[in-house]
1. Return the pairs, sorted by first residue and then second, in which the second residue is aromatic (Phe, Trp, Tyr), the first residue lies in the stretch 21-47 and is closer than 12 Å to Ala81 by Cβ, the beta carbons are less than 9 Å apart, and the residues are 6+ apart or on different chains.
2. Inspect the stretch 99-109 for any residue being among the basic types (Lys, Arg) and modelled with pLDDT under 95 and give the result as yes or no.
3. Exactly one of (1) touching a Gly at 6+ places or on another chain (Cβ under 8 Å); (2) more than 17 Å from Leu36 (Cα to Cα); (3) of a type in the set (D, E, K, R) is unmet by Asp88. Its number?
4. Among (1) in contact with a Phe, Trp or Tyr (Cβ under 9 Å, 6 or more places away or on another chain); (2) modelled with pLDDT under 65; (3) among the β-branched types (Val, Ile, Thr), which single condition is Val42 missing?
5. So is Gly87 under 16 Å from Ala115 (Cβ atoms) and modelled with pLDDT of 95 or more or not?
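The values are calculated or read from the model by the stated rules, or taken from the named source; none is laboratory data. Since we're looking at a predicted model, the values are computed, not measured. In this analysis, Cβ positions are derived from the backbone assuming ideal geometry, glycine residues included, and neighbour counts consider all displayed protein chains.
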Amino acid sequence: MKRKIQGDAAVGTSGLGVNEVIMSGRISGSPEERELPSGDTVVQLRLVVPRPASRGRTGGGGATVDTIDVSCWTKALQRKAVRLKPGDLVTIRGALRRRFWRSPGGPASRYDVEATGLDRHVAAPTST
């Protein structure tokens, strides 16, 4: 199936591809600030994103949400992130990254989203 590509946004400036993530969901747990051995500081949080209804899958019981790790590296994003509370609704923009480190069991890795933007949404007031 061919897809129409609109400008450079779909192929990236190098023409090789795009690594851009935009997701909205609820914060799970309190954001955590960590100082790394390098002296850098990162704020990490988890975002719970509802999964759309499956197409073509049969049987039930599968996960209905995805829980995604997010890292905030800039001071501005860290200030926003540490003010978030569990259950807050947010939209996060960023890029998918694979992190590598050495663990007692050998090399390890995981994927997370490196945030470049973070917006908290205020819930609409409910009428009584």
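1. Partner pairs satisfying both residue conditions: Thr41/Trp73; Val42/Trp73; Val43/Trp73.
2. yes
3. Failing condition for Asp88: (1).
4. Only one criterion in (1) in contact with a Phe, Trp or Tyr (Cβ under 9 Å, 6 or more places away or on another chain); (2) modelled with pLDDT under 65; (3) among the β-branched types (Val, Ile, Thr) is unmet by Val42, namely (2).
5. Against the criterion (under 16 Å from Ala115 (Cβ atoms) and modelled with pLDDT of 95 or more), Gly87 does not qualify.
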